[in-house]
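Single-structure report; data block below.
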Ligand SMILES: O=C(O)CCC(=O)C(=O)O
């Protein structure tokens, strides 16, 4: 299946709510391949952290984060360049072209697992414009027991708020005037299903209370016209981007055009 079917109603719902859940996006074979690749890099990462720092940091209890794996693993590169996923992002964002911002695997390890606190993504990203969106692919069946995502519908329309410290979080709802009315939507789903969310949408994931890792593979897409805002970020530090310059070099390839 090269083009995942997406109705105008679904696109409108994404635009209205700031997120969407899509079922059975990966085939069984695609899921098997990306799981094996993420397991491989996770194992190597844990070994490296043990050797370099003697164990995991507080942040790793929220999730073990491994960024831009497309540059180090062929199977992950194939996954990130998948026209099926990038085509969904392009149609949801109603943009002629999407580029890669970055990928990352987020693994919640079992034992002393912490929730991913309520936050928006855009405040961490060095971008002037909003509209970038993440595909959060479940590599395991996910529920509140092992850390599925939750979203606040419509929160992408509330502007960009100060970034939250993920390992020592502030309460993002302090910025929301009608916070009693806010109702999170819980995204339990089976492996191979995914959510897409706008970089401004409030989201959260519960801790992993099971005895197995919760594995997710995330690809972040930029719509046409995203420009650089000077701010430290692991992906852009040292690239010499000028404020206002389009984020459009080889590190940020076009993944879908139409
Ligand atoms: O997977 C998680 O625990 C959180 C994911 C997240 O914050 C994101 O994809 O932006």
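Would you check if there is a residue in the range 110-132 being part of a strand (DSSP E or B), at pLDDT 95 or above, away from the ligand (no atom under 11 Å from the Cβ) and buried (at least 18 other Cβ atoms within 10 Å of the Cβ)? Yes. Checking the structure you have, find out if any residue of the range 180-199 is in a helix (DSSP H, G or I), more than 16 Å from the chain's Cα centre (by Cα) and farther than 28 Å from residue 243 by Cα. Within the range 180-199, one or more residues are in a helix (DSSP H, G or I), more than 16 Å from the chain's Cα centre (by Cα) and farther than 28 Å from residue 243 by Cα. If the condition is being surrounded by fewer than 23 Cβ atoms within 10 Å (Cβ to Cβ) and either within 14 Å of the ligand (Cβ to nearest atom) or not in a loop (DSSP other than H, G, I, E, B) (or both), then the range 153-163 contributes 157, 163. If you filter the range 46-76 down to residues that are within 18 Å of residue 248 (Cα to Cα) and free of Cβ contacts under 8 Å to residues at least 40 places away in the same chain, you find that the one that is surrounded by the most Cβ atoms within 10 Å (Cβ to Cβ) is 70.
Could you look through the range 208-255, keep only residues that are more than 16 Å from the ligand (Cβ to nearest atom) and buried (at least 22 other Cβ atoms within 10 Å of the Cβ), and pick out the one that is farthest from residue 40 (Cα to Cα)?
226
Residue count for the range 165-174 under the criterion of being within 15 Å of the ligand (Cβ to nearest atom) and either out of contact with any helix residue (DSSP H, G or I) (no Cβ under 6 Å at 6 or more places or on another chain) or at pLDDT 95 or above (or both): the result is 3.
What about residue 205, is it more than 11 Å from the ligand (Cβ to nearest atom), closer than 23 Å to residue 118 by Cα and within 21 Å of the chain's Cα centre (by Cα)? No: the conditions fail for residue 205.
Might you let me know whether the range 175-190 holds any residue that is modelled with pLDDT of 95 or more, within 24 Å of residue 15 (Cβ to Cβ) and within 12 Å of the ligand (Cβ to nearest atom)? Yes: the range 175-190 contains one or more residues that are modelled with pLDDT of 95 or more, within 24 Å of residue 15 (Cβ to Cβ) and within 12 Å of the ligand (Cβ to nearest atom).
Which residue is nearest to residue 157 (Cα to Cα), if the candidates are limited to the range 1-25 and must be assigned to a loop (DSSP other than H, G, I, E, B) and at pLDDT 95 or above?
Filtering first and then ranking leaves 18.
The values are calculated or read from the model by the stated rules, or taken from the named source; none is laboratory data. This structure is a prediction, so every number in the text was calculated from the model and none was measured. Please note: Cβ atoms are built from the backbone with ideal geometry, for glycine as well, and neighbour counts cover all protein chains shown.
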